[in-house]
1. For Lys4, what residues show an amide H to amide H distance below 5 Å, using hydrogens built from the backbone and excluding near sequence neighbours?
2. Could you give me the ³J(HN,Hα) list for the range 28-33, computed from phi with Karplus coefficients 6.51, -1.76, 1.60 and θ = phi - 60°, whole Hz, x at Gly and Pro?
3. Quick one: the Cα spread of the range 2-211 along its three principal axes, in angstroms, biggest first?
4. Let me know the charge dipole size of the range 99-212 about its Cα centre in debye, to the nearest 20, where only the beta-carbon of Lys, Arg (+1) and Asp, Glu (-1) is charged.
5. Using Cα centres only, tell me the gap between the range 15-42 and the range 169-211 in whole Å.
6. Length gain on complete extension for the stretch Gln130 to Val9, per 0.36 nm per residue less the alpha carbon to alpha carbon distance?
7. Given charges of +1 on the Cβ of Lys and Arg and -1 on the Cβ of Asp and Glu, with all other atoms neutral, how large is the dipole of the chain about its Cα centre, in debye to the nearest 20?
8. Applying the Karplus parametrisation 6.51 cos²θ - 1.76 cosθ + 1.60 with θ = phi - 60° to the phi angles of the range 175-180, what ³J(HN,Hα) value in whole Hz is obtained for each residue in order, glycine and proline being reported as x?
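Just so it is clear, none of the values below were taken in a lab; they were calculated from the coordinates. These numbers come from a predicted model, not from an experiment. Cβ: placed from backbone, ideal geometry, glycine included. Neighbour counts: every protein chain shown.
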Amino acid sequence: MIIKSAKYVISSPDYTKCPKPDRPEYAFIGRSNVGKSSLINMLVDNHKLAKTSGTPGKTQLINHFEIETALAAASGKAVQWYLVDLPGYGFAKVSQNARNRWEQMIENYLRKRENLMNVFVLIDSRHEPQKIDLEFVNQLGKWQIPFCLAFTKADKESQKIVSKNVKDFLDTMRKTWQFLPQHFVTSAVKKQGRDKMHQFIEECNQEFDTRS
């Protein structure tokens, strides 16, 4: 996959205000301060696209970015798709009312956005399995929403610790899940996981074309 362009489109307070669902879409969500913006920017090769912040809870709306890519194959056909940056969950210092509003906004988007191909749930690979992350993926399972796991910040800890934390998270899921979702181990600094995530998105884009 070759990134030809990546640009911000719109921030929406509700899924009904999102752009027309005429192309494949991929949402990114995770606990506050999981490194979401850095991962998005690494994936689309634009370090200024999603705004990174040291303040958890900075993202408060459904943020759409239009990405244009070309297949690495000789055809070079351009494909347009949406990347969506969703508000984080967890430790953001916001009022309960604001948090309830975000949760409802996110649930409506995830359950009703018809062109949503996949949700990338970001998990901080430096930590042991966190209850809030497990609860969120279990909720996606109940809603029957397709998702993958992207373990972030793999460069911030030793490979041994990262591998153990990833294994422990998957083993915890295995207790209640018959089939585990696909997962990626990533580092925005080292661009780890980028090619594999690109390949996955490319395959989903082709699936979307087949459906259309």
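1. Correct list: Glu68, Thr69, Ala70.
2. 10, 8, x, 4, 3, 6
3. Largest first, the range 2-211 extends 43, 40, 36 Å along its Cα principal axes.
4. Dipole of the range 99-212, to the nearest 20 debye: 300 debye.
5. A separation of 15 Å, based on Cα centres.
6. Residue separation times 0.36 nm, minus the Cα-Cα distance, leaves 40.3 nm.
7. 500 debye
8. Rounded to whole hertz, the list is 5, 10, 10, 6, 10, 8.
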